[in-house]
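> Sharing a structure here in structure tokens format.
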Amino acid sequence: MDSQTQNASLQRLQTVEKRIVRVLELAGGVMEEFSNPSGPRKELVNNHCSEFMQLIKDIQVTLREEIKSACEYRPFEKCDYIARISNEICCQKVQYVLQKLDEMRETVDEYHHVA
């Protein structure tokens, strides 16, 4: 993996990080709306939920692409054991994040079906 490819990958992951922060902000905004004494504003909640779901989808697509790219690239094949295991652990961590994002999406989908 050349330096240019690594930089592009890091930029995509930084974008994912920013999207995750935005997702948390949206979730917080919805929570605030639900705690509003006068009741939540439906349009605001709907807008936040729509943006939330779109960001979740974008995050999932980008992370899946990055996982695939990282798994295809094997920089440690001729190196020692610790370096290879470290790479595998990183892939598993990203897969765990994807799993949690899927669970969050299911929760939001269940909320939409109930509401």
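The values are calculated or read from the model by the stated rules, or taken from the named source; none is laboratory data. Given the structure is predicted, the values throughout are model-derived calculations rather than measurements. All Cβ positions, glycine included, derive from the backbone under ideal geometry; neighbour counts span all protein chains shown. These accessible areas exclude ligands, DNA and RNA; they are computed on the full protein's heavy atoms, side chains included. Shrake-Rupley method; radii C 1.70, N 1.55, O 1.52, S 1.80 Å.
> At 7 Å along Cα-to-Cβ for each site, give me the label-to-label distance between E33 and E103 in nm.
With each label placed 7 Å out from Cα toward Cβ, I get 2.5 nm.
> Taking all protein chains as present, what is the carbon and sulfur share of the accessible area of the chain, in % to the nearest whole number, probe 1.4 Å?
Solvent-exposed carbon and sulfur of the chain make up 54 percent of the total.
> Let me ask something else. Excluding same-chain pairs closer than 8 in sequence, count the lysine pairs in the chain whose Cα atoms lie under 28 Å apart.
Lysine pairs, 8 or more places apart or on different chains, close enough: 14.
> To continue, here is another question. Which trypsin sites (Lys or Arg not before Pro) in the range 8-109 pass both tests, a DSSP loop state and at most 13 other beta-carbon atoms within 10 Å?
Of the trypsin sites (Lys or Arg not before Pro), the ones in loops of the range 8-109 whose Cβ has at most 13 other Cβ atoms within 10 Å are R41, K78.
> Using 0.36 nm times the number of residues separating N7 and I82, minus their current alpha carbon distance, what extension gain do you get?
Answer, rounded to one decimal: 24.6 nm.
> What list of ³J(HN,Hα) values in whole Hz, one per residue of the range 5-18 in order, does the Karplus curve 6.51 cos²θ - 1.76 cosθ + 1.60 (θ = phi - 60°) give from phi, with Gly and Pro shown as x?
5, 4, 5, 4, 5, 5, 5, 5, 5, 5, 5, 4, 4, 5
> Right, here's the next one. What is the percent of Cα-Cα separations in the chain that go past 19 Å?
Across the chain, Cα pairs with separations above 19 Å total 56 percent.
> Specify the inter-centroid distance of the range 82-114 and the range 12-62, based on alpha-carbon positions, in whole Å.
17
> Further, regarding this structure: Which length gain, in nm to one decimal place, applies between E43 and K57 when the Cα-Cα distance is subtracted from 0.36 nm times their residue separation?
2.9 nm
> Per residue of the chain, what 222 nm ellipticity follows from adding -39500 (n - 2.57) for every DSSP H run with n ≥ 4, rounded to the nearest 500?
Taken over the chain, the calculation gives -31000 deg cm²/dmol.
> Provide the descending list of Cα extents for the range 17-57 along its principal axes, expressed in whole angstroms.
In descending order, the Cα extents are 33, 15, 8 Å.
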